[in-house]
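Accompanying notes for the structure given below.
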Amino acid sequence: MAASAFGQCNLLPRTASVNPQQSHRQLYSLSFHRQSVNSSPPALSFTQSIGFGSAIERHCVDRNGSDLFKTDAVRQLSGSVISAKGHRFAIVVARFNDLITKKLLEGALETFNNYSVREEDIDVVWVPGCFEIGVTAQLLGKSQKYQAILCIGAVIRGDTSHYDAVVNAATSGVLSAGLNSGTPCIFGVLTCDTLEQAFNRVGGKSGNKGSETALTAIEMASLFEHHLKPSE
């Protein structure tokens, strides 16, 4: 027989210190108690404080005072960026706007070196422009030789709508490459309005986005290698 239950809800005023320059406000404490007639299940206590500009506090405990909602049994998977030793990477680089893309490549290679990736475990593939990055990355990913593929390029806005076409093609191409190959393909294409913005992102005040792309690749390679690798 299912146990019956009863509940009680109380709304009680609470005192709170208020800045004299602010308008008066009243806080309330909403307390809800649910108790089963059968004494074996724990009683629930839910309190919530509501007021203008006040934080909402929630707490759920059992009758012994311990938290009911625990995440000890929940698996949380993430990649590591401590070391990438033993992983292989490919870097697809667009030659167009190479004043920018070469600096992005340098940032990526320096980061790989800092994280113990050997030079012989890195292959750099040059393509004419950003439009060609996607198909190249997909073939490299399908080869199963690499743990991650970096996709590096730079698109700078001009006087025509060509910018939008290339940006859209590069973005969807890199996304499709990862989805179709099953290998992480990391988007490292700068999309800037001016050349100054681009230089700021290859070692200027905004850092080097090539380095950030390499870090993302290291983390994703670790995640796939240790947690998401298909069982054979």
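The table below gives the values:
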| item | result |
| --- | --- |
| Packing-based order for 118-126, 133-141, using average beta carbon neighbours within 10 Å, highest first | 133-141, 118-126 |
| Burial order of peptide ranges 85-91, 164-170, 151-157, 178-184 (average beta-carbon count within 10 Å, highest first) | 151-157, 85-91, 178-184, 164-170 |
| Charge sum, other residues only, whose C-beta stays under 15 Å from T194's C-beta, Lys/Arg counted +1 and Asp/Glu -1 | 0 |
| Karplus 3J(HN,Hα) series, Hz, for the stretch 106-117 with 6.51 cos²θ - 1.76 cosθ + 1.60 (x for Gly, Pro) | 4, x, 5, 5, 5, 5, 4, 4, 5, 9, 6, 7 |
| Two-decimal log10 I(q)/I(0) for the stretch 80-121, as the Debye equation yields it once each C-alpha is a single scatterer, q = 0.16, 0.19, 0.30, 0.31 Å⁻¹ | -0.45, -0.60, -1.04, -1.07 |
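Values quoted throughout were computed directly from the atomic coordinates according to the rules given, and no laboratory measurement underlies them. What you are looking at is a predicted structure, and each value in this text was computed from that prediction instead of being measured. Backbone-built Cβ (ideal geometry, glycine too); neighbour counts: all protein chains shown.
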